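The values are calculated or read from the model by the stated rules, or taken from the named source; none is laboratory data. This structure is a prediction, so every number in the text was calculated from the model and none was measured. Quick reminder, even Gly has a Cβ in these numbers, built from the backbone with ideal geometry, and neighbours come from all protein chains shown. Keep in mind that these areas ignore ligands, DNA and RNA; they rest on the heavy atoms of the full protein, side chains included. Shrake-Rupley method; radii C 1.70, N 1.55, O 1.52, S 1.80 Å.
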Amino acid sequence: MIIRVQGSGQYRLQEDAVNGLNSLDTTLQEAVRTQDEHAVTTTLIAMIDFVQKQGEPVSDDEIIPSDAILPPDTLTYEEIMVVLKEDGLIPG
């Protein structure tokens, strides 16, 4: 799976890492459901950190569509809520 982190580039995640990212996405969805502003923000930061540490950076000269896009960690809670989809940030 190819994940783009806005402002940081694209990362290729292996299947076992995708499962970990999906777990974080579920946590994010629950934080949104309960309107836990702190948990939403910290979980998004954890997702970005996870992708950057577990993923392999995609070369800048390689053009690949992203399967999912994570917003930058500089967004406010209100901005995060605007970009979230009903089923989270990660498809599936």
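So here's what we get for this one:
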| quantity | calculated |
| --- | --- |
| Residues that are under 12 Å from the mean Cα position of the chain (by Cα) and surrounded by fewer than 17 Cβ atoms within 10 Å (Cβ to Cβ), drawn from segment 10-20 | Gly20 |
| Any hit, segment 19-30, residues being within 15 Å of Ile90 (Cβ to Cβ) and charged (D, E, K, R) | yes |
| Matching residues in segment 21-60 - criterion: being among the aliphatic types (A, V, I, L, M) and over 15 Å from the mean Cα position of the chain (by Cα) | Val58 |
| Condition met for Ile69 (modelled with pLDDT under 95 and among the aliphatic types (A, V, I, L, M)) | yes |
| Count of residues meeting criterion [open to solvent by less than 90 Å² (accessible area, probe 1.4 Å), more than 17 Å from Glu15 (Cα to Cα) and in a loop (DSSP other than H, G, I, E, B)] in segment 34-72 | 7 |
